[in-house]
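Report on one structure; see the data block that follows.
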Amino acid sequence: MTTPDIRLVPKSDDATAEWLPIAMAAYEAARMRAGDTAEQAAAARKLSEEQFFPGGRLVAGHFVFTVEADGEDAGWLWIGPSGDAASWWVWDVAVHESFRGRGIGRATMLLAEDVARSQGAASMRLNVFAYNTPAIRLYDELGYETASMHKQKLL
């Protein structure tokens, strides 16, 4: 199977407004799967929305894209600076389940690095939950190194 043509298409304000509750619900669910209580996950979601989407609009300097594979909506990417213009963050990236296993995640991450570099970034960071072993493997293959680690033990 050949890798599809991957493009990052900036989301309009309307498309961002449609995407935001879907992405935030996925974020909340991922936090609970990683060990947060429902209350903790909801609080993290609320904080993220208030910090990065005040009034439902993305803060300046950040980018939200539709990931298109051969012209089809295959997922999303949200990137932007973290703290300073040289340090960027992959705030959220997702490939829809029906598009997985075709190199779309890898291509998306490489395109994300290109966008960040074009904006003056010198580094790119991300968070990945420990249960997401396919993503961890991809990030390792792309040269991302572990910068910190959070562990927990259920009592």
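The values are calculated or read from the model by the stated rules, or taken from the named source; none is laboratory data. In this text the structure is predicted, and so the values were computed from the model without any measurement. Positions of Cβ are backbone-derived with ideal geometry, glycine not excepted, and every protein chain shown enters the neighbour counts. Surface areas here come from the heavy atoms of the whole protein model, side chains and all, with no ligands, DNA or RNA. Shrake-Rupley method; radii C 1.70, N 1.55, O 1.52, S 1.80 Å.
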Mind telling me which of the residues E97, E68, E72 ends up being under 24 Å from L8 (Cα atoms), surrounded by 16 or more Cβ atoms within 10 Å (Cβ to Cβ) and charged (D, E, K, R)?
E68
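Could you tell me whether V90 is β-branched (V, I, T) and open to solvent by less than 30 Å² (accessible area, probe 1.4 Å)? Steps first, answer last, please.
Values: β-branched (V, I, T): yes; open to solvent by less than 30 Å² (accessible area, probe 1.4 Å): yes.
Considered against the rule, which asks whether it is β-branched (V, I, T) and open to solvent by less than 30 Å² (accessible area, probe 1.4 Å), V90 comes out as yes.
Can you go through L58, L77, L8, L20 and tell me which one is under 26 Å from A121 (Cβ atoms), surrounded by 12 or more Cβ atoms within 10 Å (Cβ to Cβ) and without any contact (Cβ under 8 Å) to a residue 40 or more places away in the chain?
Numbers: L58 fails: without any contact (Cβ under 8 Å) to a residue 40 or more places away in the chain; L77 fails: without any contact (Cβ under 8 Å) to a residue 40 or more places away in the chain; L8 fails: without any contact (Cβ under 8 Å) to a residue 40 or more places away in the chain.
Of the residues listed, the single one that is under 26 Å from A121 (Cβ atoms), surrounded by 12 or more Cβ atoms within 10 Å (Cβ to Cβ) and without any contact (Cβ under 8 Å) to a residue 40 or more places away in the chain is L20.
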Identify, from the list G71, G56, the residue that is at positive phi and touching a helix residue (DSSP H, G or I) at 6+ places or on another chain (Cβ under 9 Å).
G56
Look through G103, G143 and report the one residue that is in contact (Cβ under 8 Å) with a residue 24 or more places away in the chain, open to solvent by less than 80 Å² (accessible area, probe 1.4 Å), under 24 Å from I6 (Cβ atoms) and of a type in the set (G, A, S).
G103
